[in-house]
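Down below is the structure, laid out as structure tokens.
We did not get these values from a lab; they are worked out from the coordinates using the rules stated. The shown structure was predicted, so the numbers you read here are calculated from the model rather than taken from an experiment. Note: ideal-geometry Cβ built from the backbone for every residue, glycine included; neighbour counts use all protein chains shown.
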């Protein structure tokens, strides 16, 4: 009797998998290791110290950029997740019709367009609005981040909806539940893991964006990634390693919280 196909039994699978993990995580491990370097060199390790973490926490520019990044990412992720949820409901809870595939492509188009093209387009668009309104606040960064985060939030929410059984929703409708009540008491609880996944993905994507932020931001609106890019252009110190390590811990924390919440709900 022939065994079922399994990629794990293919020759060389383990070696290739190990090589991929090493290529992905070894540079990150080196970065974290050197963030505890007592010296100022990035090439030699002079002992273990937390001096660069302390210096990062005492750097007011780092604090301001971090707070600004969290503010933008939080608002953009919330708005993008709400918009993505409505788009996913509109494109999955309906009978197939001509033009539906075009809508899928339109929603996911930011994933296909090179980010630099989106950044230049937003720069030109927002520049005209700044001239007309005289406003140059964080609203432009939030709007830009929201726009390119929508497809990242849309994909896991749509995938969750497509895998959900319609029986409970139809039963709620048969019991005279209004569309809103059916969504609130049936669809939303079942959809919640997908919404959390979409929010998490949008938050992380917004938090570490550089290209679009660099083009759209006004003076004095550096986020943490653009601040780090500016510092690297001048000089590289272990402080950048320390900031990157803290940034990495934040991302891991977001993912961990998502899995804990999702596991409890399941």
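For the reader, a short list of remarks on this structure follows.
- One chain, two ends: residue 180 and residue 54. Fully extended at 0.36 nm per residue, the span grows by 40.3 nm beyond their Cα-Cα distance.
- Each part reduced to its alpha carbon centroid, the range 147-212 and the range 215-231 end up 32 Å apart.
- Calculated FRET efficiency, residue 138 to residue 42, Cβ-Cβ distance, R0 = 41 Å: about 0.80 to the nearest 0.05.
- Cα-derived Rg over Rh, computed across the chain with Rh taken as Kirkwood radius: 1.05
- Tilt relative to the chain, helix 139-162 - C-alpha long axis, 0 to 90 degrees, to 10: 50
- Computed over the range 204-259, the P(r) tail beyond 17 angstrom holds 45 percent of alpha carbon pairs.
- Value of relative contact order over the chain, rounded to a whole percent, pairs C-alpha under 8 Å and six or more apart: 31
- Ellipticity estimate at 222 nm from DSSP helix runs (n ≥ 4, -39,500 (n - 2.57)) divided over the chain, nearest 500: -24500 deg cm²/dmol
- In this calculation the C-beta distance from residue 89 to residue 113 is compared with R0 = 35 Å, giving a FRET efficiency of 0.90.
- Most mobile of 173, 144, 17 in a GNM of the chain (Cα contacts under 10 Å): 17
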